[in-house]
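The values are calculated or read from the model by the stated rules, or taken from the named source; none is laboratory data. What you are looking at is a predicted structure, and each value in this text was computed from that prediction instead of being measured. Positions of Cβ are backbone-derived with ideal geometry, glycine not excepted, and every protein chain shown enters the neighbour counts.
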Amino acid sequence: MTTQTTDQLRSQRCRACEGEEARLSEPQARDLLAALSGWEMDENARQIRKQWTMKDFATGMDFLRRVGDLAEQEGHHPDVHLTGYRHVAVELATHAVDGLSENDFILASKIDELPAGEKA
């Protein structure tokens, strides 16, 4: 796997994953993480996460709806959280491989294109 840019990730579509492929190694995941802004990887290289603070509850809910719509289009579904009425977090992992796949980074790059409505 070669290092990809954000634009290269965004130009791809998530592929169906039934567990035939191996999860990404930590070095592979770190290479892909470098193309993203603000995403963090857990200590076991099995999940990436990003957090936002929105202007208000309605803005947070709207953002999560758009994340959900995008996830449906891509066929790859993150865990989403809204806490404290305006704190949003999105967590990505590929359950079929018990860790990270390229799909997680593709979807993360596309989520980053969504207007977030963050608190100034």
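Quick notes on this structure:
- Checking D7 against (1) outside any loop (DSSP other than H, G, I, E, B); (2) modelled with pLDDT of 90 or more, the condition it does not meet: (2)
- Close pairs from the stretch 97-120: first under 15 Å from G60 (Cβ atoms) and touching a residue at least 12 places away in the same chain (Cβ under 8 Å), partner charged (D, E, K, R) and part of a helix (DSSP H, G or I), Cβ under 8 Å, at least 6 apart: L114/R66; G117/D62
- Test: residue in the stretch 15-31 that is under 12 Å from the mean Cα position of the chain (by Cα) and at negative phi: no
- Looking only at the stretch 60-115, and only at residues there that are acidic (D, E) and more than 23 Å from A45 (Cβ to Cβ), the one that is surrounded by the most Cβ atoms within 10 Å (Cβ to Cβ): D62
- Members of the stretch 62-85 found to be β-branched (V, I, T) and either under 16 Å from the mean Cα position of the chain (by Cα) or modelled with pLDDT under 95 (or both), listed by number: V67, V80
- Residue that is nearest to S109 (Cα to Cα) [pool: residues in the stretch 41-61 that are under 16 Å from the mean Cα position of the chain (by Cα) and assigned to a loop (DSSP other than H, G, I, E, B)]: Q47
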